[in-house]
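What follows is a set of notes on a single structure, which appears directly below.
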Amino acid sequence: MDNIDVASALGYYARLAELHDQNPYKIKAYAAAAFNLRKVKQPLQSLTQAEVEAIPGVGKSVSKAIVLLATTGSFPELEELERDTPAGVLDMLHIKGLGPKKVHVIWKNMGLLSVEALLDACRENRLVAQSGFGYKTQAEIIKAIEFAEAGKGSLHYARAEPDGLRILSALQHINGSVASATGAFRRCMEVLQSLDFLSSASAPEITQVLEATGCTEIETSETYIAARASCGLPVHVLQAEEVSFQHQLLLSTGPEEHLAALGPVSEASVTDEEAYYHSLGLHFIPAEVRDHPQALQEAAKGDFSNLISFEHLQGVLHNHSTWSDGLNTLEEMALACRSKGYTYFAICDHSRSAAYAHGLEIERVRQQFKEVEALNEQLRPFKVFKGIESDILADGSLDYPDELLAEFDLVVASVHSNLKMELERATERIIRAVEHPATTILGHPTGRLLLLRSGYPIDHQKVIDACAANKVAIELNAHPYRLDIDWRWIYRAMEKGVMISINPDAHEKDGIADMRFGALAARKGMLKRAFCLNALSLSEFEVYLAEKRAFRRA
Ligand SMILES: [Zn+2]
Ligand SMILES: [Zn+2]
């Protein structure tokens, strides 16, 4: 190991020792040695044990470790601590802003063993209950985890979008030029590897824009300018002449499969993207739809004006409040929805088995019913529905007696525990919950967290069939990490007549805005407005709920 590596390893050992709550003097000695070694010019490998001991700030005990590190790359105490620390906890130590003391609390007091479990806990506001943590730390941890992900090459669309839109707007303001988003960013893919743009401006003009929008590592090559956005993703600004701009836009937007299906595209044939699709006898295919295998088939039949869009959403189903693990009160959540122009709202706090999230015991459900009734008196014609997010228990049953379940206006049934299941068991468990007469919506069907957790495997077609047979809608959970059900299954759901509900699963007022990302994903899945449950007007939604009740009695 070279000197810098040895110093880093000592620093790492000091943090591990702190994580394990070891003697503070020892921790200090190793941290100090790590600091002092960075000033040593001679290679440590060439020094004897006595010479290492003589380095200022390096004591006898640490010198042994240094010699071993320099010659073998490790030392026994380091190996022992690494062995005694779960891999996921070691990962946490690399998260910016999370020192060993905090990781100790997360691991020992909260029992969290992986970065994904930590992120879940942040999202459910469980960290703020621990001493030494506040909302600010919690928010910073989420940010740091996301940044680390971006460094590995991928980021959730929602996290990259602000940078993307800022750069796009600045490019579009370059005088005498045209600019567009392109690639996966233009297609609103749920996970992005880069932010791509097309511009007819000159390289110096583009460079200036990238500098002004906070990009770093700006490099100019022959046909594009590369940089890094502040969210961590690479930026590519492709250059195109104005005459060939539309052609370049079509090609760079992709994806490959779509372009292959279109057939050879000559430069002369594309003077305008929209006209080009028309020349093929197709309606214009919006960029976000181009990933869909059925896009061309649909474009031959009609235009895409009946696709869902964010503006169509009229109600906000599946929300949490301070009754369970939310940050805002029920009233604050309802008022926030009303002020955004929605006409109805459903509170769906966690059910009693979700103890970690303060799930509602039966008595508290009754109390919440009273608050909802009072709110409805106060907020009319805005309507608050009595809902619950009922845990789907291990055997597929719901979390309350049937009599109580029947009293809710709607029940979102979701899996939150025993996530490690085989395909067959997971599918059976979910179908059993779907078959329960009280179930209105199947919540986040796979439990996935994009870039973090793949979720349990389910037989999507069987689940869709069961939802169709039982008049159960499927949630498209709009949280940018979930976007679950995956948009790739929406077409199949529509084919079976299953409604999709775009739900924010908001745990605070700000979370309601995630509905927009759900709508984007739904468009990728070509969800038609008529198949979106919460695009129904209030009165239509009430009719739907009444029909579901009648259906379950029949
Ligand atoms: Zn849930
Ligand atoms: Zn929820």
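Structure notes:
- Across the range 88-93, coupling constants 3J(HN,Hα) worked out from phi with the 6.51/-1.76/1.60 Karplus curve, θ = phi - 60°, read x, 6, 4, 4, 4, 4 Hz, and Gly and Pro carry x.
- Computed with every protein chain present, the accessible area of V103 is close to 0 Å² [probe 1.4 Å].
- Considering only alpha-carbon pairs that sit under 8 angstrom and 6 or more positions apart, the relative contact order computed for the range 310-553 is 20 percent.
- The chain: C-alpha gyration tensor shape, a/c 1.5 cut-off, then a/b vs b/c: oblate
- When only alpha carbons are used to place a centre, the range 487-540 and the range 177-256 end up 30 Å from one another.
- The mean sequence separation of alpha-carbon pairs under 8 Å and at least six residues apart, normalised by the residue count of the range 155-299, gives a relative contact order of 21 percent.
- Solvent accessible area, Å² - H416, 1.4 Å probe, full protein context: 40 Å²
- Normalised by the number of residues in the chain, the average gap of Cα pairs under 8 Å and 6 or more apart makes the relative contact order 10 percent.
- Heavy-atom SASA rank of I218, I4, I474 (probe 1.4 Å, accessible area, largest first): I4, I218, I474
- Applying the Karplus relation 6.51 cos²θ - 1.76 cosθ + 1.60 with θ = phi - 60° to the range 28-38 yields 3J(HN,Hα) values of 4, 4, 5, 5, 5, 4, 4, 5, 6, 4, 5 Hz, where x marks Gly and Pro.
- C-alpha center-to-center spacing [the range 323-359, the range 1-71] in angstrom: 52 Å
- From phi via Karplus (6.51, -1.76, 1.60), per-residue ³J(HN,Hα) for the range 116-123 in Hz, x at Gly/Pro: 5, 5, 5, 5, 4, 5, 4, 5
- Cα gyration tensor category, rounded, prolate or oblate, for the range 234-283 with a/c compared to 1.5: oblate
- When the surface is traced with a 1.4 Å probe over the full set of protein chains, T72 keeps roughly 90 Å² accessible.
- Taking amide H positions as modeled 1.01 Å from N, with prolines and chain starts lacking one, the residues under 5 Å from I502 and 5 or more places away or on another chain are L476, L533, N534.
- Neighbour net charge for D459 - beta-carbon separation under 10 angstrom, K R +1, D E -1: -2
- Packing-based order for 445-453, 346-354, 243-251, using average beta carbon neighbours within 10 Å, highest first: 346-354, 445-453, 243-251
- Relative to one another, the C-alpha centroids of the range 99-144 and the range 412-454 are positioned 25 Å apart.
- Solvent exposure, largest accessible area first (probe 1.4 Å, DNA, RNA and ligands not counted), of K143, K340: K143, K340
- Share of alpha-carbon pairs per 5 Å distance bin for the range 3-151, given as whole %: 2, 9, 18, 19, 14, 13, 10, 8, 4, 2, 0
- The residues of the range 325-473 expose, per residue, 40 Å² of accessible area to a 1.4 Å probe.
- Shape class for the range 155-299, computed from the alpha carbon gyration tensor (a ≥ b ≥ c): oblate, with a/c not under 1.5 and a/b at or below b/c.
The values are calculated or read from the model by the stated rules, or taken from the named source; none is laboratory data. Just so it is clear, the structure is predicted and the values come from calculations on it, not from any experiment. With ideal geometry, Cβ positions are generated from the backbone for all residues, glycine too; neighbour counts draw on all protein chains shown. The area values use the complete protein model at the heavy-atom level, side chains included, leaving out ligands, DNA and RNA. Shrake-Rupley method; radii C 1.70, N 1.55, O 1.52, S 1.80 Å.
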